[in-house]
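Chemist: Below are the structure tokens for one structure; questions will follow.
The values are calculated or read from the model by the stated rules, or taken from the named source; none is laboratory data. Everything numeric here is computed off the predicted structure, so don't read it as measured data. Counting neighbours? That spans all protein chains shown, and the Cβs are built from the backbone with ideal geometry, glycine included.
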Amino acid sequence: MISSLSNSVSALQAFTRQMNTSANNVANSLSDEFKASRTRNIEGENGGVTTYTTQDTSSGPLVEDPLKNDGSLKELSNTDIAEEFVQQISAQNGFEANAKVIKTTDETLGSVIDIIG
């Protein structure tokens, strides 16, 4: 039971990191030349969750720079807002599921303590 609690806490931390990365991408989506990052969650030791974050080095769209009259181009952010919304929904669902596991574990331990007296 304690193992499942530890795994759920690990998952909560991982989904928090995933949400923070996505929020940073959205906040910087209008910054020229910003490169989005992506956090991936994988199974770690003893069923816990390990996270790693990588940066997407692909180029953003090139558009004509409106501040210059010479036709030069500037690179926009490579952040895809639709993809960020999907990442945030995924992180929210994972967070809620693991929060329910923690709540259920707490209730079960409370019942066991009440029975033992």
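Chemist: May I ask you to say which residue of G47, G60 is among the small types (G, A, S), touching a residue at least 40 places away in the same chain (Cβ under 8 Å) and within 27 Å of R17 (Cα to Cα)?
Modeler: Answer to the selection: G47.
Chemist: In addition: Among the candidates T51, T21, single out the residue that is touching a strand residue (DSSP E or B) at 6+ places or on another chain (Cβ under 6 Å), modelled with pLDDT under 95 and surrounded by 15 or more Cβ atoms within 10 Å (Cβ to Cβ). Let's see the steps before the verdict.
Modeler: Numbers: T21 fails: modelled with pLDDT under 95.
One residue alone meets the criteria, T51.
Chemist: For I81, which of the numbered conditions (1) in contact (Cβ under 8 Å) with a residue 12 or more places away in the chain; (2) among the aliphatic types (A, V, I, L, M); (3) over 20 Å from N25 (Cβ atoms) fails to hold?
Modeler: (3)
Chemist: Another one. Looking at T39, T50, T54 in this structure, which one is touching a helix residue (DSSP H, G or I) at 6+ places or on another chain (Cβ under 6 Å) and not in a helix (DSSP H, G or I)? Reasoning before the result, please.
Modeler: Details: T50 fails: touching a helix residue (DSSP H, G or I) at 6+ places or on another chain (Cβ under 6 Å); T54 fails: touching a helix residue (DSSP H, G or I) at 6+ places or on another chain (Cβ under 6 Å).
Of T39, T50, T54, the one residue that is touching a helix residue (DSSP H, G or I) at 6+ places or on another chain (Cβ under 6 Å) and not in a helix (DSSP H, G or I) is T39.
Chemist: Something else: Read through the list (1) within 10 Å of the chain's Cα centre (by Cα); (2) outside any helix (DSSP H, G or I); (3) in contact (Cβ under 8 Å) with a residue 40 or more places away in the chain, then give the number of the only condition that S29 fails.
Modeler: With (1) within 10 Å of the chain's Cα centre (by Cα); (2) outside any helix (DSSP H, G or I); (3) in contact (Cβ under 8 Å) with a residue 40 or more places away in the chain applied to S29, the lone miss is (1).
Chemist: Here's a follow-up. Could you run through the stretch 24-48 and say how many residues are within 19 Å of Q87 (Cα to Cα) and in contact with a strand residue (DSSP E or B) (Cβ under 8 Å, 6 or more places away or on another chain)? Steps first, answer last, please.
Modeler: Looking only at the stretch 24-48, we keep the residues that are within 19 Å of Q87 (Cα to Cα), and these are 24-30, 34-43.
Restricting the remaining residues to those that are in contact with a strand residue (DSSP E or B) (Cβ under 8 Å, 6 or more places away or on another chain) gives 24-25, 35-43.
Residues meeting the conditions: 11.
Chemist: For the stretch 1-18: of the residues being among the hydrophobic types (A, V, I, L, M, F, W, C) and over 16 Å from the mean Cα position of the chain (by Cα), which is surrounded by the most Cβ atoms within 10 Å (Cβ to Cβ)? If you could, list the steps in order and put the result at the bottom.
Modeler: Applying the first criterion (among the hydrophobic types (A, V, I, L, M, F, W, C)) to the stretch 1-18 yields 1-2, 5, 9, 11-12, 14-15.
From what's left, over 16 Å from the mean Cα position of the chain (by Cα): 1-2, 5.
Working: M1: 9, I2: 8, L5: 16.
Residue satisfying both the conditions and the ranking: L5.
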